[in-house]
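Below is one structure, written out as structure tokens; the observations come after it.
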Protein chains: 2
Amino acid sequence: MPIYNAPLRDLKFVYNELFDADDLQQLPGFEEATPDLVDAILEEAGKFCENELLPLNQVGDQEGCQFEDGKVTAPPGFKAAYDAFHENGYAGLIAPPEYGGQGLPKTLGFMVQEIICSTNMAFGMYPGLTEGACRAIEEFASDELKETYLPKMIEGTWSGVMCLTEPHCGTDLGLIRTKADANDDGSYSITGTKIFISAGEHDMTENIVHLVLARAPDAPEGIKGISLFLVPKMSVNDDGSVGDANNVVCGAIEHKMGIHGNSTCVMNFDGAHGFLVGTLHKGMSAMFVMMNAARLGVGMQGLGISEVAYQNAVSYARDRIQGRSLKGATQPEKAADPLTVHPDVRRMLLTMRAYTEGNRALNVWVARALDMSINAEDPKQREDAEALVALMTPVCKSFMTDCGSDVANMGVQVFGGHGYIAEWGMEQFVRDARIAQIYEGTNGIQALDLVGRKMPEKMGRNLRPFFHEVSAYLEEKVHDERDEMQSLIMSLAKSFGRLQIVTGWIAQQGMKNPEEGAAAATDYLRLFALVALGYMWLRMADIALDKRAGDEPVFYQAKLDTARFFCNRLLPQTGALMSAIMSGSDTMMSFNEAAF
Amino acid sequence: MPIYNAPLRDLKFVYNELFDADDLQQLPGFEEATPDLVDAILEEAGKFCENELLPLNQVGDQEGCQFEDGKVTAPPGFKAAYDAFHENGYAGLIAPPEYGGQGLPKTLGFMVQEIICSTNMAFGMYPGLTEGACRAIEEFASDELKETYLPKMIEGTWSGVMCLTEPHCGTDLGLIRTKADANDDGSYSITGTKIFISAGEHDMTENIVHLVLARAPDAPEGIKGISLFLVPKMSVNDDGSVGDANNVVCGAIEHKMGIHGNSTCVMNFDGAHGFLVGTLHKGMSAMFVMMNAARLGVGMQGLGISEVAYQNAVSYARDRIQGRSLKGATQPEKAADPLTVHPDVRRMLLTMRAYTEGNRALNVWVARALDMSINAEDPKQREDAEALVALMTPVCKSFMTDCGSDVANMGVQVFGGHGYIAEWGMEQFVRDARIAQIYEGTNGIQALDLVGRKMPEKMGRNLRPFFHEVSAYLEEKVHDERDEMQSLIMSLAKSFGRLQIVTGWIAQQGMKNPEEGAAAATDYLRLFALVALGYMWLRMADIALDKRAGDEPVFYQAKLDTARFFCNRLLPQTGALMSAIMSGSDTMMSFNEAAF
């Protein structure tokens, strides 16, 4: 069975040293989020996930969810773990206090989420989706709906899910056919079929709250005619207790590559009783609240899988002896040296490490901006933070999940043949991680969101906080007198320059031909993410250089060395991406469709 | 169920137009391999694989192999298909006529193998491993063993497998513990446990011939004391009929990520009766004959999976309507346009296509060299061809299997959520393809073989045929007056220049520090492969430019366009690889092992 130890030291480094924890604690509402409290919660969450969730991860994969006669049973042990998860208060960590939550910073929630995803990604989807549903209800639903549903969802008695996709449409939600007929009492009757509904049906909570995109009969065509409805699995009595079953039935569950512990359901709504959330025909904006939260959550799935794959690869590489160091035996008393002596194994481990720790920093950076975008008093600070979150959401979702798959695959590779065998658990990480590049908007869609929406939006103002911050940092550090910092600075400056050039090029080309931006999108997102990660690595190296002479020389030297590895061996990808992008869309678009 | 049509037009293009089929037909022994015969065999093989093997591919994945009481049952339908495969003569296609084979060019065999791997990779391993075993027996075994075993194996009555890996050693075969005690009659008693033995036990043939690496009691330590033994599952009577069971028992089969249709066995040898193949203690060189054949075969698995993933992605992208073209609806009469209008989908399809068709050309190029290395009359021609095969074997194995996984993953991505669902079959390609990067020497080991063995071997002479050929081609084509050829030439020349620089750098650094080559190896192999593929694409574009005005403008224009896509959007990776390599080994080797 895979091992895992929550990376507490690194989480604390990022939370307290890389960024200033005081900034968060000083935001109105976060007064109680002292460093000690944050540390204590991380430690407890680590223990809980290591002890309760990790042992269920392979069980969930092997046993899967069972479907019989409309009912879905979660894998053995999942319900008990779900109950314990809520009893320990993890579900309400960042939820609003007025509905029973603890109201702690989302940044802390994000760090806990990483740990959950490392230990049991399929399990984590149940509370994760509930949290996204809560956020949409909180922001858009009537007070009555909020009071009826949020406390139960936050305490974990009820769960929540999103119902968007239909058999003929996923990305293009304008094609939705599920219909919503108004009833006399202001409620609606929802009829239609939804597919790929994660956690759409299960036996872990007494009720499941479906947030369903549907179309009213008089609605405008396309996405401008989509509304959002709250459709409970079980109707709710006036006293808040669960009443009769609503007309919401699970028709089947999918057999899929991974995340077997989470049910992926076909949901049939047959005149189900539902309630409008937000404004009629304006369901897409409410949906995007859920979706953006979900996208950052999916990014964390990539991060979580990266971390656990890395830890296991390191552990195996240390234990497994095979071959000799090229510079002479390091363990002459044994029949062979450990895998860690081999440069190519180190290349894999360091690649895994550089992406994982870099993404952890990125995740916390964006989480802090999310907290600031909501809780900061200064409107300018809120606005800048919101722009950064808007810009980085597709970047985090896409890059962190691409890394999740790449790192999980490297983990398998380090294990060699054993990586391919189910009992070691490494191949499960690959299968689980794979969905994260697809759902909540494929990574290609994220790239289009970045290039086609986030970049041009508000006359390009979303870009400013990021570009200004990196630019100011480089300008300041160019005068840094520490030699080891200089080569890192040069390396990031080169890649940042490429990003600036390409950003300008896309903006210019895109005005002439919208397909130029779309053709560049995926490569551009990666280029962007690499620069963002480079920025994180430089800031980490910067601190490490100051602190390595202190109490923890190994920890800080490793930060510095990983930063060097990242800048020397991974960041040069930006050059290839720039060349590819600037060769233009013609090689794609002129290709004769009939010749594919 | 996935679709598949054997890419006959492209195979014929490569065989007859890109290369000169006459060269092969003029080799002694290949007189009968007329273009018509080759075409006919490819067509028949296409039909057979489409009709018999493809329908069993998902069955094999879902039903898997069953293990009970030492016996393994192949998935339903596999035995009948196996019998039909042999009855139709596919097993003996390239086998020597003196033992019942048809003695056709290996190049033809390679092309048929691609088709088999596309339609049912797990099935293809049974005859594929038999073929590798035959080759080692043919080259190293005594006449008696050859006469006893080869005819039955070539006609398909018996199968053959390799038994190398043990629980504590895979890559480092010097650690092998399986022992071989000499009997008085010149035979040996083999005792030990082998793991990960593909097709080690099954119910499809009346006998299974195990080629087993083991150590005689007086053997030198390490790999210089390993010998190769032929150990039949069933002893063979003097009349060639099958006798009693030998002491070879399957102890278990593995549960693994993919290739469920092929049994992966733990094999226990308990004083099993075996026969020495080749010279005592010189088993590794015999093993490498099997292994090199197997490595090229594994490369073809990557190629085969790429092709079938590409075909299905294209088919889905044409059928699935979602969103609108950014330049206005292309199918205004429908609710949306097909996926093929979207630049990012085209990026994925063209990436898949460029790697797949490029690798097909590469595969045939190397197969031709293999034929020449054996059948050519001129010793210089044989020697050059042998050098090319030696050099390109790790490149093909590694790069083609990396592409196999990448292309299969892109196929899943084109399908979106449906790609993750088992019934569509796309995720199976990812799971099946994944093993090819691991077995028969991980791709990291291939890279070390290239940098540490093939490059320095014979004072670097292995490199010459490749570098001379590409160099001569570029020098000639620099004067090409066709504009469309010029930009391709510049692009390849730039990348070839990088390859030359890096090759020199590695040779120089490696003399000072052996870890430099090892640290560079994986990136170098990829750089090498991209240049080789670029060379293939230029030669294909060259021909296409001449022929596109003729009868098949769509086919040839697509070749030219794919070449442009490859050179503009994929070949620039060589720059990033060069930077990474030339940053040296220090970032890997100086990292503190305790800090991982």
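Quick notes on this structure:
- Against chain B, whose longest principal axis comes from its Cα atoms, helix B:35-48 is set at around 80 degrees.
- Amide proton proximity set for A:SER142, modelled H, under 5 Å, gap of 5+: A:GLY278
- Distance from segment B:576-590 to segment B:202-234 (C-alpha centre basis), Å: 41
- Nearest-0.05 FRET efficiency for A:ARG461 and A:GLN486, computed from C-beta distance (R0 35 Å): 0.60
- Ellipticity at 222 nm from helices only: DSSP H runs of n ≥ 4 in the protein assembly as shown, each -39500 (n - 2.57), divided by the residue count, give -18500 deg cm²/dmol.
- Cβ neighbours within 10 Å from other chains - mean over A:164-174: 4
- Estimated Rh, segment A:8-140: Kirkwood, alpha-carbon pairs, angstrom: 16.0
- In order along segment A:273-282, phi translates into HN-Hα couplings of 7, x, 10, 5, 10, x, 8, 4, 6, 10 Hz, rounded to whole numbers, per the Karplus curve 6.51 cos²θ - 1.76 cosθ + 1.60 with θ = phi - 60° and x for Gly and Pro.
- Comparing Cα centroids, segment A:75-107 and segment A:271-333 end up 20 angstrom apart.
- Karplus (6.51, -1.76, 1.60) ³J(HN,Hα), θ = phi - 60°, over segment B:173-181, in Hz, Gly and Pro reported as x: 6, x, 8, 4, 10, 4, 10, 10, 9
- Once backbone amide H atoms are built at 1.01 Å from N, B:ALA95 has B:GLN102, B:GLY103, B:LEU104 as its partners under 5 Å, excluding neighbours fewer than 5 places away on the same chain.
- Filter on B:LYS12/B:LYS106; A:LYS256/A:LYS282; B:LYS47/B:LYS397; A:LYS12/A:LYS547 - keep pairs with C-alpha separation over 21 Å: A:LYS256/A:LYS282; B:LYS47/B:LYS397
- With label points defined 7 Å past Cα in the direction of Cβ, position B:LYS494 shows copy-to-copy spacings of 1.5 nm, given to one decimal and shortest first.
- The angle between the Cα long axis of helix B:483-512 and the longest principal axis of the Cα atoms of chain B comes to about 40 degrees, rounded to the nearest 10.
- Ignoring aspartates and glutamates fewer than eight residues from B:LYS380 along the same chain, the ones with Cα atoms less than 18 angstrom from its Cα are B:ASP23, B:ASP371, B:GLU457, B:GLU469.
- Separation of alpha-carbon centers, segment B:487-524 and segment B:238-254, rounded to whole Å: 49
- Pseudo-label separations to other copies for B:ASP218 - Cα-to-Cβ vector, 7 Å, nm: 10.1
- Sequence-separation-based contact order of segment A:459-589, relative, with Cα cut under 8 Å and 6+ spacing, percent: 32
- FRET efficiency, B:GLN62 to B:ILE374 (Cβ-Cβ, R0 41 Å, nearest 0.05): 0.50
- In the protein assembly as shown, a dipole from Cβ-located charges (positive for Lys and Arg, negative for Asp and Glu) runs towards its positive end, and of B:PHE19, A:LEU8, B:THR205 it is B:PHE19 whose Cα lies farthest in that direction.
- Net charge of neighbours whose Cβ lies under 15 Å from the Cβ of B:ASP244, counting Lys and Arg as +1 and Asp and Glu as -1: -3
- Taking the average, over residues, of other Cβ atoms within 10 Å as the packing measure, peptides B:32-44, B:218-230 rank B:218-230, B:32-44 from highest down.
- Cα pair distances in the protein assembly as shown, grouped into 10 Å bins until the bin that holds the longest one, percent each: 2, 10, 18, 23, 21, 15, 8, 3, 1, 0
- Test item: A:318-326 mean partner chain Cβ contacts at 10 Å: 5
- Kirkwood radius for segment A:159-283, taken over all pairs of different Cα atoms as the inverse mean of 1/r, rounds to 14.7 Å.
- Distances in nm from A:PRO379 to the matching label points in the other copies, shortest first (labels 7 Å along Cα to Cβ): 9.0
- Rg ratio for segment A:494-593: its Cα radius of gyration over 2.2 N^0.38 Å, N being its residue count, equals 1.42.
- Too-long pairs where the Cα-Cα distance tops 24 Å, listed order kept, from B:LYS233/B:LYS454; A:LYS194/A:LYS224; A:LYS194/B:LYS334; B:LYS79/B:LYS233: B:LYS233/B:LYS454
- Axis angle, to the nearest 10 degrees, between helix B:283-319 and the longest C-alpha principal axis of chain B: 40 degrees.
- Potential lengthening of the chain between B:ALA594 and B:ARG318 amounts to 94.1 nm, from the contour at 0.36 nm per residue minus the alpha-carbon distance.
- Distant-in-sequence amide H partners of A:TRP158 (H built 1.01 Å from N, under 5 Å): A:MET153
- When you count the other C-beta atoms within 10 angstrom of each residue and take the mean per peptide, B:202-211, B:185-194, B:431-440 line up highest first as B:431-440, B:202-211, B:185-194.
- Inter-chain Cβ neighbour average for residues B:506-518, partner chain, 10 Å: 2
- Translational diffusion of chain B, µm² s⁻¹ [Kirkwood Rh, Cα pairs; Stokes-Einstein; 25 °C; 0.890 mPa s]: 98
- For the chain pair A and B, buried accessible area totals roughly 7900 Å², probe 1.4 Å, rounded to the nearest 100.
- FRET E, pair B:SER187, B:ASP69, Förster distance 30 Å, beta-carbon r, rounded to 0.05: 0.60
The values are calculated or read from the model by the stated rules, or taken from the named source; none is laboratory data. Just so it is clear, the model here is predicted, and its values are computed rather than measured. With ideal geometry, Cβ positions are generated from the backbone for all residues, glycine too; neighbour counts draw on all protein chains shown. Keep in mind that these areas ignore ligands, DNA and RNA; they rest on the heavy atoms of the full protein, side chains included. Shrake-Rupley method; radii C 1.70, N 1.55, O 1.52, S 1.80 Å.
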